[in-house]
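For reference, the structure is listed below as structure tokens.
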Amino acid sequence: AFGAVAGRIPIHRLIIRACVILLILVLGLRVALESDWGGFRIAAYVLSDLLVNIPMLLFWSFAALAFNPREAKRLFGFIGAGGTAACILAGFVVRPLASQFGTPNLLILVALLIAGFMVSVARVSKSEASGPTSATPGSRTGKRPSHLSYYIGLLKTAQIRGMGLL
């Protein structure tokens, strides 16, 4: 379905529409889990796979358009490492949150994160459309910066800040 629709509408609109659908599904599941019927637990399992894979597909599709191939080659490892670190941190945070608020209520947190992703894509795509972003570190001077200053400089670029926000 993604492939069929992706060629017809801009990626930022596709992401926003997909996020709206995911929001409806997540919040609908949260309400449905209040019932005694166990079938909604199966739906939760299926939805969890969608919630892991669809946003990743959307994120990397958006990132592929935000960077040219040269930038992508240099930055995607950095972005991927940040995503992996965030997943590890989330693993430590989930258990205390589930015990504090209840496992079904984590769906509300998921809905908030999806909404944040949707708003971030809208903001980043608007800024990308307004013009080129600032150059990456060292590109103006031609000098190669030190490793630490290079990564600090990366964090100052609008593209990396946008990807981090996503």
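Here are the numbers:
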quantity: Probe 1.4 Å, accessible area per residue of region 1-93, Å²; calculated: 65
quantity: Contour excess over end-to-end distance, with Cα ends at TRP37 and VAL93 and 0.36 nm allotted per residue; calculated: 17.3 nm
quantity: HN-Hα J in Hz across region 71-84 - Karplus 6.51, -1.76, 1.60, θ = phi - 60°, x for Gly and Pro; calculated: 5, 4, 4, 7, 9, 5, x, 4, 5, x, 5, x, x, 5
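The values are calculated or read from the model by the stated rules, or taken from the named source; none is laboratory data. Values in this document were obtained by computation on a predicted structure and should not be read as measured data. Surface areas here come from the heavy atoms of the whole protein model, side chains and all, with no ligands, DNA or RNA. Shrake-Rupley method; radii C 1.70, N 1.55, O 1.52, S 1.80 Å.
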